[in-house]
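Working notes for the structure below.
Values in this text are rule-based calculations from the coordinates and carry no lab data. Computed from a predicted model, the values in this text were never measured in an experiment. Cβ atoms come from the backbone with ideal geometry, glycine included; neighbour counts cover every protein chain shown.
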Amino acid sequence: MLLHLPNGTEMQLLHEALSRARMRRPQAGRTTTSTEATRSARTVAMNSRTQSARDLGVL
């Protein structure tokens with residue numbers, strides 16, 4: 001990766017990639033056929049976005 005300050009779009013893409021990479025699958029390890037998520041997608045996205053920002057030192 002080139003050493004440069006990422007612009008807003010690049011930061012957004014980076015955050016989305018990190019969020020998707022670390023997102024936990026709510027259904028993992030469950031034997032039921034229910035596809036109902038234990039957490040809302042919005043909560044998962046917000047938590048992972050905050051976590052990636054923390055990891056990157058943005059917050």
If each K or R counts +1 and each D or E counts -1, the residues other than SER52 whose Cβ falls under 12 Å of its Cβ total +2
Run the simple label-point estimate for LEU56 and SER40 please: 7 Å along Cα→C-beta, distance reported in nm. 2.4
